[in-house]
Amino acid sequence: MSLIETKGLQKVFRQAVKDPGLAGAVKHLFTQRYRDKYAVEGIDLKIEEGETVAYVGPNGAGKSTTIKMLSGVLVPSGGEIIVDGRVPYKQRMENAQRIGAVFGQRTQLWWDIPVRESLSLLRDIYQVPTDRFKKNLDVFTELLGMDSFLHLSARKLSLGQRMRADLAAALLHDPKIVYLDEPTIGLDVAVKHRIRDFIKEMNRSKGTTMLLTTHDLGDIEDLCERLVIIDQGRIIYDGKLQEVKDEFARERTIHMQLSSPIPDAEELFRGLPEIQVKRSGDSLEASSDTDLSIRFDRFRCTASDIVKRVMSRGEVVDFRIDEPSIEEIIRRVYDGKLDSAALSAAGKGSA
Amino acid sequence: MIAPAFKKYVSLARCSMQNTLAYRLSFILNFLASFIGLIAMYCLWQAIYTGQDQLSGFTWSQMQAYLLVTFFVNSMLSYYSESSITSKIIDGSVMMDLLRPIQFQKARLAETLGSCVLEGLLSCILIGLAAIFTFGISLPHDAGTLLLFAFSIVSSILLKFSIVYLSALLCFWTTSSFGIYWARTSITNLLSGALVPLAFFPGWLQSTAMVLPFQGIVNTPVTIGLGMTAGTDALQLIAIQWVWIVLLWLLGKWMWSRAVRQITIHGG
């Protein structure tokens, strides 16, 4: 049995349908019509203890709804959920005791009392033994650099400080599972790194299972081995991050700077499949003619092959290789440019 | 040693007290505003009592005491506690409460009682000042009545909380709190005897008020405090308070589970 398991999980929201304008609003007072909106439409997910899983998808894909169901805040409309042997919405209190959650858009700190007091209150709410609380607080303060603002009230914190404090608040009682809903939203690079390091450290030292939703692809690459992509309430990919890259990020681009232009560079690669040659800049300007970009499929020919051919004709001053960022891959998925059947086939292959 | 399950609510109460202190200036201003209302009521009743010894069984000095006790009871569980419950519901942060191993109703009661301690202290000071200037208070002299009076005040706070909690939960359906707040306040003020002692009401209204829970908020502690009801009658009034507290608490529990189903099943 996995730590988190859902089967055919569904969530339907009832949306009021109102006709436009004042007349429509008045009409709605007397006859209410509703439309069912599927936020989550049959999700099967298994997460093992100690995993860090990125749960990714466009806005409105159903990420937060899933997390709210897993954390026991929302009651599913259909399907099953078991989290650590419990049904979250039925055993809300028991479940709440064992999980931690950060919702990036909301704070769980008390607005007008010092962070330190908020944390002590959470100690009592989760019944954390005093010595463990002290130890955790010391470690968190150090890792998250909270020393400078523990005495301030939440309303006085900057976003980055607030998020760090929120993270500490969510992990203070050593939960087995932590849900992070956009934990790095709107943060600067330094704070992002700090938060990622903290998440990694908690996962490593305490074996905390993490499920995080994010739009920040750095988060995914840095934290997660496993990627679950959801769109319109359904999982369209579930597998290793590396595999989705191998499958859908096959092309590489080599950018080369030559000592002198090669006029008919295309000729060089005759015989190699799917090669695109691009000269950056206008041919009017002679100097930019020395920059050459070659795009290729890394499974069909190798970088060394290409570089070798160029070097046979001229001198390469400098070069670098670009791989498509995970961002680009996911953007293609969002745009529906990738065949989702192929995607899920790739996912199954890895499972 | 306090049981850990209880300790979480004690901590909540303590934090709520701190929270109230954070708003001390506006808290005190709000308090002074209602104190001014008290002075206005005082002058009004003084004018009414000119040339009268007694009205509906109240002497002028009893009336003065009535005003002060009413002020005390009414200042407990002020707008701050009430709005902290409604705003949780309206801005959706009720979700954060659902994430924690706490029960919403108990947590709100704990917070309310926390700020009531401060509200009680502050109004004691103001009433003390008022008493010095008016010299007209006849508070209970014997320990037994005093004890009953104190107990009925505690019950009154719990009763008021139950009513406030229920009306706050209505926000789940209305998505706005002002209408509910004003409606609840005016009904409570009228039927509890906070505006005019129930004894001044016409018979039918008085008997209506007596079968409703609101009279337990002001009428019960005040009449006990003034010595107008004593002994078994007083105990009976307190028993009625408790019947209402238990009933409304259970009703609140039921309504909460309905409300939560509403948001968690249909979406807010």
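Name the residue, out of A:Ile199, A:Ile195, that is out of contact with any strand residue (DSSP E or B) (no Cβ under 8 Å at 6 or more places or on another chain), in contact (Cβ under 8 Å) with a residue 12 or more places away in the chain and within 24 Å of A:Leu159 (Cα to Cα).
A:Ile195
What is the one condition in (1) surrounded by fewer than 20 Cβ atoms within 10 Å (Cβ to Cβ); (2) closer than 21 Å to B:Lys8 by Cβ; (3) within 14 Å of another protein chain (Cβ to nearest Cβ) that A:Pro175 does not satisfy?
Of the numbered conditions (1) surrounded by fewer than 20 Cβ atoms within 10 Å (Cβ to Cβ); (2) closer than 21 Å to B:Lys8 by Cβ; (3) within 14 Å of another protein chain (Cβ to nearest Cβ), the odd one out for A:Pro175 is (1).
Give the residues of the range A:205-221 that are more than 13 Å from A:Leu171 (Cβ to Cβ) and either of a type in the set (Ser, Thr, Tyr) or more than 10 Å from the chain's Cα centre (by Cα) (or both), sorted by residue number.
Across the range A:205-221, the qualifying residues are A:Thr213, A:Thr214.
Name, by its number, the condition in (1) over 28 Å from B:Ser83 (Cα atoms); (2) surrounded by 14 or more Cβ atoms within 10 Å (Cβ to Cβ) that does not hold for B:Trp204.
Answer for B:Trp204: the failing condition is (2).
Name every residue in the range A:125-161 that is of a type in the set (Val, Ile, Thr) and either part of a loop (DSSP other than H, G, I, E, B) or at pLDDT below 90 (or both), in order of residue number.
A:Val128
Read through the list (1) assigned to a helix (DSSP H, G or I); (2) under 21 Å from B:Thr229 (Cα atoms), then give the number of the only condition that B:Ala194 fails.
Here B:Ala194 clears every test but (1).
Would you point out the residue of the range A:108-134, among those that are facing chain B (nearest Cβ under 7 Å) and β-branched (Val, Ile, Thr), that is nearest to B:Leu12 (Cα to Cα)?
A:Ile125
Please work out which one of (1) in contact with a Phe, Trp or Tyr (Cβ under 6 Å, 6 or more places away or on another chain); (2) farther than 15 Å from A:Ile330 by Cβ is the condition A:Ile229 fails and give its number.
A:Ile229 satisfies all of (1) in contact with a Phe, Trp or Tyr (Cβ under 6 Å, 6 or more places away or on another chain); (2) farther than 15 Å from A:Ile330 by Cβ except (2).
Could you list, in sequence order, the residues of the range B:65-112 that are in a loop (DSSP other than H, G, I, E, B) and away from every other protein chain (no Cβ under 14 Å)?
Across the range B:65-112, the qualifying residues are B:Met76, B:Leu77, B:Ser78.
In the range A:243-269, what count of residues is obtained for those that are part of a helix (DSSP H, G or I) and either surrounded by 19 or more Cβ atoms within 10 Å (Cβ to Cβ) or small (Gly, Ala, Ser) (or both)?
Number of matching residues: 5.
Kindly state which helices (runs of 4 or more DSSP H) lie completely within the range A:1-107 and contain at least 2 residues that are more than 10 Å from chain B (Cβ to nearest Cβ), of a type in the set (S, T, N, Q) and closer than 25 Å to A:His215 by Cβ.
In the range A:1-107, A:63-70 are the helices (runs of 4 or more DSSP H) which contain 2 or more residues that are more than 10 Å from chain B (Cβ to nearest Cβ), of a type in the set (S, T, N, Q) and closer than 25 Å to A:His215 by Cβ.
The values are calculated or read from the model by the stated rules, or taken from the named source; none is laboratory data. Computed from a predicted model, the values in this text were never measured in an experiment. Here Cβ is always computed from backbone atoms with ideal geometry, including for glycine, and neighbour counts include all displayed protein chains.
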